[in-house]
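Scroll down for the structure; my scribbles are underneath it.
Every number in this text was worked out from the coordinates using simple rules, so none of it is lab data. In this text, all values refer to a predicted model and were calculated from it rather than measured experimentally. Don't worry about glycine lacking a Cβ; one is built from the backbone with ideal geometry, like all the others, and counts go over all protein chains shown.
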Amino acid sequence: MTSARPIFRFAPSPNGLLHLGHAHSALLNAAMARAVGGRLLLRIEDIDPARCRPEFETAIEEDLGWLGLAFESPVRRQSEHMGDYIAALGRLDAMGLVYASFESRADIRRAVDERPDWPLDPDGAPLFPFPRASMSEAERASRRTAGHPYALRLDMNRAVALAGPLVWREVETIGSEEIRLAADPLAWGDVVVARKDVPTSYHLAVVVDDALQGVSHVVRGADLKEATSVHRLLQVLLGLPEPLYTHHSLLLDPDGRKLSKSIGSESLRALRDNGATPEEIRRRALDVVG
């Protein structure tokens with residue numbers, strides 16, 4: 001999909017209530033889209049059926065409306081487009097880049113505990129410690145046929161060898177100088193691209209969605225900057241267009257932690273119930289931009 005107008009997107013997951021950090025990202029996307037006469041899309045990233053709930057999606061739309069943000073219709077919900085991700089996964093598999101892994105989190109933890117100097121990925125998680133060659137393809141196929149739980153992983157060494165050197169384009173904001181940053185997908189090891197029960201992962205779904213929606217500008221938090229290495233790799237392998245990236249600063253709590261649903265950061269709904277106005281929230285959220 002192509003468009004003469006730039007396309008931006010805000011893509012929350014309905015696994016909790018939005019907080020001030022989400023407001024910052026959504027408002028920044030809206031401001032940058034306005035600055036270039038662009039379009040603004042809302043995408044609901046709900047591929048995790050265990051955590052995503054309809055009431056949270058309703059709350060997201062209500063909170064964004066309360067902030068005065070308007071998005072184009074229809075809203076793309078990832079759970080309604082699994083066929084798109086399955087098709088992309090099939091293309092990677094046809095290139096010999098995908099394999100099934102059957103090791104549990106406990107298996108991985110035990111293997112890493114035995115090797116205290118084992119490397120970590122940019123998020124601080126240990127790299128997958130079981131090389132593809134540790135199990136034959138016939139054994140992997142047999143276990144899948146038998147119904148064993150598995151994750152589908154990207155053979156990172158093969159993928160990087162096929163794609164060659166990678167960079168991505170980054171700007172601080174609209175009109176600022178564009179720079180090219182070297183991508184290092186090997187730092188992530190053999191990332192998960194799908195699971196037995198969910199035929200995609202965040203990494204795979206986000207690049208497929210951005211391409212199908214014609215997203216030209218990806219504006220998101222700095223905590224996802226390193227993941228861009230994986231996303232550029234998948235874009236090249238799948239022949240998808242390259243967006244322009246902006247990774248904005250994160251809002252922190254008084255203890256210096258990034259605002260997060262997982263640590264119970266105060267939600268927009270709570271701020272609203274305590275008397276905050278949309279104008280106050282917009283000011284607090286965008287003050288970070290300077």
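Its relative contact order, with pairs defined as Cα atoms under 8 Å and 6+ residues apart, puts segment 81-211 at 32 percent.
Within the listed set Pro278, Pro129, Pro54, the residue fluctuating most in the Gaussian network model of the chain (springs between alpha-carbon atoms under 10 angstrom) is Pro54. When the Cα positions of Ala146, Ser13, Thr173 are compared along the charge dipole of the chain, Ala146 comes out farthest toward the positive end, with charges on each C-beta of Lys, Arg, Asp and Glu. For the chain, the relative contact order works out to 26 percent when only alpha carbon pairs closer than 8 Å and six or more residues apart are counted.
Treat every Asp and Glu Cβ in segment 20-121 as -1 and every Lys and Arg Cβ as +1, leave all other atoms uncharged, and give the resulting dipole magnitude about the Cα centre to the nearest 20 debye.
Working: 12 positive and 18 negative charges, 57 e Å.
Using Cβ point charges on Lys, Arg, Asp and Glu, segment 20-121 gives about 280 debye.
Which one of Ala106, Ala94, Leu120 has its Cα pushed farthest toward the positive end of the charge dipole of segment 84-135, where Lys and Arg give +1 and Asp and Glu give -1 at the Cβ? Farthest along the dipole direction, towards plus: Ala94. A dipole drawn for segment 28-125 from +1 and -1 charges on Cβ atoms has a positive end, and of Phe71, Gly37, Phe56 the residue lying farthest that way is Gly37.
Just want to confirm a number: the relative contact order over segment 157-231, from Cα pairs under 8 angstrom separated by 6+ residues, in percent. Spell out each step's value before the answer.
Numbers: 56 pairs, mean separation 22.1, N = 75.
Here the relative contact order equals 29 percent.
Within the same chain, aspartates and glutamates fewer than 8 places from Lys225 are excluded, and of the rest, those with a Cα less than 20 Å from its Cα are Glu45, Asp121, Asp123, Glu170, Glu172, Glu177, Glu178, Asp184, Asp190, Asp209, Asp210, Glu242.
Only the Cβ atoms of Lys and Arg (+1) and of Asp and Glu (-1) were treated as charged; on that basis the dipole of the chain about its Cα centre amounts to roughly 400 debye.
Per-residue 3J(HN,Hα) values for segment 63-70, derived from phi via the Karplus relation 6.51 cos²θ - 1.76 cosθ + 1.60 with θ = phi - 60°, read 5, 5, x, 4, 6, x, 9, 10 Hz in sequence order (x marks Gly and Pro). If only the Cβ of Lys and Arg carry +1 and only the Cβ of Asp and Glu carry -1, the dipole of segment 81-211 around its Cα centre is close to 640 debye. With R₀ fixed at 41 Å, the C-beta to C-beta distance from Glu61 to Ser104 puts the FRET efficiency at about 0.65. Could you tell me how far the Cα centroid of segment 87-104 sits from the Cα centroid of segment 168-209, in Å? Their Cα centres are 17 Å away from one another. Cα centroid separation, segment 3-28 to segment 250-287: 15 Å.
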